[in-house]
Structures are given as structure tokens and as C-alpha cells.
Amino acid sequence: MARIVPAVMCGGSGSRLWPMSRALYPKQLLPLTSERTMLQETVARVSDTARFAAPILICNDEHRFLIAAQMQEVQAPHGGILLEPAGRNTAPAVALAALHAMKDDPDAMLLVLAADHQIKRTDAFLDAVAAAAEAAQDGYLVTFGLQPGAASTGYGYIKIGEQSITDHVRNVAQFVEKPDAATAERFLAEGGYRWNSGMFVFSAARYLEELARHAPDILESCRMAMEGAREDLDFVRPDETAFLGCRSDSIDYAVMEKSERAAVIPCDLGWSDIGSWEQLWEVGEKDAAGNVTQGDILLEGVSGSYVRSEDKLVAVIGMEDVVVVSTADAMLVAPKDRAQDVKAVVDRLRSEGREEHNTHVRVYRPWGFYEGIHLGDRHQVKHISVNPGSVLSLQKHFHRAEHWVVVRGTAVVTRNDEELLVTENESVYLPLGCIHRLRNPGKVPLSIVEVQTGAYLGEDDIVRLEDVYNRAG
């Protein structure tokens, strides 16, 4: 059997895990269950080159450099990072991946995964993939039906059919929408139902055949988008006009529920989609009082709680079944059974024009990151970290001057026609309107303190004259 091509869906905002997950830094990019991020854990699961080809990653434009950087951080190769011009759900996204995979191998077999799921039983997962691939070779579209851990109303269900496709794979009798509590209890008691995981194995060509039969308009839009695609550094950009004409639909609705060749492999993988703080508590390692903690935490008389701090000491006293999450710019405190209501907070932040739903204090860029230290009247202080060998765009500002102080490493600074070498404890002044650039020629991260002064200090006061990352504006 040829190697399977993982197609990893990297979209989504993860708003139910605010304040850690933000629109510009969502949960798949966070280290929630280990020292590696959810994306890195997913990629590690399919890293056996004897079984799997390099994964294809599908994401949006805003996350492209973060995803590429996380792949580089764990030295994981990829088979292309496809940039969706806009979110159109899973059916079009997987069509893009299938068309891309078939350019190199017309017989490509796809394994569709989400970047933000936890799977504790990796061996069981790999066995299930192999069994699903066996059925997929015979033209079946196989989904993973996961053993329910509870009568959850948060997932769709799959009713397992009576026909055996192989020793491990059965036909799908029915796809069921998210049920009410009584129906979920009945499904759990009857035992013939599984959670719908959103993971699939099928031939890329077979998926496109089924899409042509049941949703030909989606396939046509995706074909046109990929025919007009262009490469940009590590990225593949489908044609925007063609893709924006595509309607939004899921694999389940567009194909699986209509296909006569839908199959399911029942399995128990220790799976969670980590969709809420309560779920992170459920899968976490608990102390004697049933608490899960992360960071600098002090508890007195606390039980059954999830407490996490990303930056400071957090002390909690005399509470039960709560979620407390602290970041540099926000804190969430909620009863554990209402933690999913955090989405309402995110909606309020968005409607009130606040930025805490969108970005962290630390903002990542392809060259490194910056974070705010202080914002005052006509001045702002930031910490800037530039990765070894990286360079910022050649740029200028209309409304602010900048003063850079190097606190670690060595900087090469372009200032109009000058090129300056600035080392630790040295500084350089960049007057308003001057053309400038910052580069790290060294082998350690470059850290500088930037002091901005001027009438307007917004991030949109920037004119990029040259940019190795092909960013506009």
C-alpha cells in the first residue's frame, strides 16, 4: 500500500478556550495538553515515514507563518500549506487537499484530521488508520466512530450498520445530528452508536467522484481555484475569486450522508476535541482534590477545579468546580459547568470593538514576535524578539519615531542610506519618516526594547517598501 497523505485542517478560532485562544492565535497553536502545541502533536502522530507521506496543511492566511514556524520548530516536513481565501467548511477544504495530493500521486489516499484534537492511544489510532485504509482501497469513504465517553449532546453520532466491509469496518446505518440529553442517554444505553469524530480515510479520487455526484458546484469551484493557484514561499494560494464563489458545506452534509459507500470503523482512541475548559480538566492529570493546575498556582481548600496561569502567581481559596485562567491581559473565572459560556464573553468583546478576543499582548510575526510593555500619551514601549537569521520589512512610518535599545544579541539596522551594527547595551534612533529595517545576523534571538513616540501609534502606520514574506501594506 502506498503511503497515506494526512490532510490536516488547521482552521477555527477556538473561542471557547478564551482567554488563551484568540482569533489570531487559536487553540491548535497552543500547548494545551503537553509541551508541544496541538498542531505539533497531531503532526507527530503521523510522522512515521513508512506509513505516511508529508502532511498537507489547510489554514487561513492570517495563521500561515505561525503554522509554518511550528512545523519548522519540530523539524516536520510538509507536502504544502494551502491557504483558504475564506472559510468554507470542510468539504471544500478537503477538496483542495485532494486536488493538491493528486498532482503528485493520482492514487493518493487521504487521512483527514483536525489539528486540535487529542488522541491518547496512538497505537490504537494507527491500527484504525490501517484498517480504514484497507476498506478505502475498495472505494469506501471511512469515518472514525469513537466510543462515547458520556451521553454528550455536543457531538453528532453515527449508527453502526450490520454489514461488515472488512473485519473492522462496518457500513454506516445513519448519521445523527447532535441529540438532546434524553436521546444521547438512549444512544449510550443501546451501544450501537459512536461519536462522529470528523476524521476520515478515503482515496482522493473517490472523494472527488462523490463530490462530483452530490455537490458538483463545490467541486467546480475548487477545481478552478486550484487551477489558478500560485505558490508563495512555502504556501499554495488557490485562486481567490474562484474559491469565494464556493458555498460552505461540511464533508458530512455534502458527501458522507449521501454516499452509498460510507463506512465507519468503531474505535476507542482516548479522543477529545478539547472544546472547552471543562474538557481540559477532564483529560488533565489531577491532584488528590481533583484539581488540574498549570503554571504558578497556589490552592487552599480548592477541589474539582482547573486553574492555569501563563504569567503570574494565581492563588485560589475555598472554591469548588471552577475554572480560573490567567493570561498577561485577561482573566477568566467561571463555574466549571458554565465554562462553555465564555463564547458569549468573546462575542461581547468583539461587539464592543475590544482587541482581547483577537490578539494576545504577545503578537507573533513571521520573523518573531512583539509584545506591549506600556502605552501612554504619545508614547509606547514594546519588546521585540527577532529569530536568528530573520529580517523585518524595509519600512517607514508617517506618524511616529522609534528608539531601539538592544538588550540581547546583535542587530543590523538599516537607516536610510546607513547600515549600522548595534550590539547589547547600544541603541539607535529612527526619526519620523526615515526608511529603516531590522535584521538579526546572529545565532541567538535578538531582543530589543522599542520606544515609540508620536501623534499616532497604531500598527497600521506602516508602509512596507520591501518584504521577504510577501506581505501587503
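Look at (1) 80, 55, 47; (2) 74, 60, 41; (3) 106, 68, 51: the one that is Cα extents along the principal axes in Å derived from this structure is (2). Note on Tyr456 and Ala151: with the Förster distance fixed at 41 Å, the Cβ-Cβ geometry gives a FRET efficiency of about 0.15. With the simple model of a label 7 Å out from the Cα in the direction of the Cβ, Val463 to Leu394 spans 1.4 nm.
Short-range pairs are left out: with C-alpha atoms under 8 Å and at least six residues apart, the relative contact order of segment 277-348 is 25 percent. State the Cα centre-to-centre distance between segment 284-341 and segment 137-211 in whole Å. Here the two parts' Cα centres lie 35 Å apart.
Of all lysines in the structure, those lying under 18 Å Cα to Cα from Lys396, and not within fewer than 8 positions of it along the same chain, are Lys382.
The C-alpha atoms of the chain define a longest principal axis, and helix 204-214 lies at about 70 degrees to it. A Förster radius of 60 Å combined with the Cβ-Cβ distance from Asn470 to Asp268 puts the calculated FRET efficiency at roughly 0.85. Cross-link partners for Lys336 among the lysines, with Cα-Cα distance under 25 Å and sequence neighbours closer than 8 places in the same chain left out: Lys27, Lys120, Lys178, Lys286, Lys312. In this label model, Asp232 and Ala69 are separated by 1.8 nm, measuring between points 7 Å along each Cα→Cβ vector.
Peptides 429-435, 234-240 ranked from most to least packed give 234-240, 429-435, packing being the mean of other C-beta atoms within 10 angstrom over each peptide's residues.
Cβ-to-Cβ counts within 10 Å put Thr410, Thr122, Thr293 in ascending order as Thr122, Thr410, Thr293, the fewest first. Each Cα pair under 8 Å and six or more residues apart adds its separation to the average, and for the chain the resulting relative contact order is 14 percent. Label separation (Glu300 vs Ala130): 5.5 nm, computed from points 7 Å beyond Cα along the C-beta direction. Computed 3J(HN,Hα) for segment 362-377, one whole-Hz value per residue from the Karplus formula 6.51 cos²θ - 1.76 cosθ + 1.60 where θ = phi - 60°, is 8, 10, 8, 10, x, 8, x, 7, 9, 9, x, 10, 7, 10, x, 6, glycine and proline marked x.
Peptide packing: for 16-25, 364-373, the average count of neighbouring Cβ atoms within 10 Å per residue gives the ranking 16-25, 364-373, highest mean first.
By the Cβ distance rule (another cysteine Cβ under 4.7 Å), the unpaired cysteines of the chain are Cys222, Cys246, Cys267, Cys434. Arranged from fewest to most other beta-carbon atoms within 10 Å of their beta carbon, Lys382, Lys178 become Lys178, Lys382. Each of Ser248, Ser34, Ser221 was scored by other Cβ atoms within 10 Å of its Cβ. Arranged with the fewest first, they read Ser34, Ser248, Ser221.
Around the Cα centre of segment 116-201, unit charges on the Cβ atoms of Lys, Arg, Asp and Glu (plus for the first two, minus for the last two) sum to a dipole of about 180 debye.
Run through the DSSP bridge list for the chain and note the antiparallel percent, rounded to the nearest 5.
Percentage antiparallel, nearest 5: 70.
How far is helix 181-190 tilted, in degrees, relative to the longest principal axis of the Cα atoms in the chain, given as a value from 0 to 90 rounded to the nearest 10? Result, in degrees: 50. Qualifying trypsin sites (Lys or Arg not before Pro) in segment 147-228, where qualification requires a DSSP coil assignment and no more than 16 other C-beta atoms within 10 Å, are lacking entirely. Simple point charges give the picture: +1 on the Cβ of Lys and Arg, -1 on the Cβ of Asp and Glu, and for the chain a dipole about the Cα centre of about 320 debye.
A short reminder: the numbers here are calculations on the coordinates, not readings from a lab. This one's a predicted model, so the numbers in the text were calculated from it and none came from an experiment. With ideal geometry, Cβ positions are generated from the backbone for all residues, glycine too; neighbour counts draw on all protein chains shown.
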